[in-house]
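Notes follow once the structure below has been shown.
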Amino acid sequence: MIEVSVENRSGVPVDEAAAVSLARDVLASEGVDDGELGLAFVAAVEMRELKREHLGIDEATDVLSFPIDGRDALPAGLPRALGDVVLCPEVVGEEWRRPLTHGLLHLLGYDHGAEMEAREDEHLQPGVGSTEPRRPAERPGSPAAERR
């Protein structure tokens, strides 16, 4: 099971339960069924500071990802720490699903480009998450399938 810790420091109400549900659905569909994930919702001021500190760009943004283990092989018994996804409700507004999905895919090793955009589109189709998750082996070209 994916254990998700959520922290809302944004000062804005967010649908934490829906964010956790989407995160678990995306990760399961990507073949990650076990691990620890942090989700943080922050104000624009904090997001700007994080982006400046970690990327050297002085502006607020919609989402930042801080990967830890990703899909790397881990020693037996060691829990998978996926990392943290930080969202800024002031920037994303009601359109938080795509930035969250984008951030989760970064935790799993996806880089910007056509493959990542296609994965985002697939995860955000109506009804996705309500059916049997697709396994990485069913998606040739996915990072998990290429590592086999």
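The values are calculated or read from the model by the stated rules, or taken from the named source; none is laboratory data. Quick caveat, the model's predicted, so the values are computed rather than measured. Here Cβ is always computed from backbone atoms with ideal geometry, including for glycine, and neighbour counts include all displayed protein chains.
For (1) surrounded by 14 or more Cβ atoms within 10 Å (Cβ to Cβ); (2) touching a Pro at 6+ places or on another chain (Cβ under 7 Å), each residue gets a yes or a no:
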residue	(1), (2)
Asn8	yes, no
Ala19	yes, no
Arg24	yes, no
Ser29	yes, yes
Arg52	no, no
Exercise for the section: Working carefully through the options Glu3, Glu59, find the one that is surrounded by 11 or more Cβ atoms within 10 Å (Cβ to Cβ) and over 15 Å from the mean Cα position of the chain (by Cα). Expected result: Glu59
Problem - Sole residue being out of contact with any Gly (no Cβ under 6 Å at 6 or more places or on another chain), at pLDDT 90 or above and on the phi < 0 side of the Ramachandran plot, chosen from His102, His112 - result: His102
Practice task
Determine whether region 22-29 contains at least one residue that is part of a loop (DSSP other than H, G, I, E, B), under 27 Å from Leu78 (Cα atoms) and either of a type in the set (A, V, I, L, M) or out of contact with any His (no Cβ under 8 Å at 6 or more places or on another chain) (or both).
Solution key: no
Exercise for the section: Give the residues of region 31-67 that are part of a loop (DSSP other than H, G, I, E, B) and either of a type in the set (S, T, N, Q) or at pLDDT 90 or above (or both), sorted by residue number. Expected result: Ala43, Gly56, Ile57, Asp58, Glu59, Ala60, Thr61, Asp62
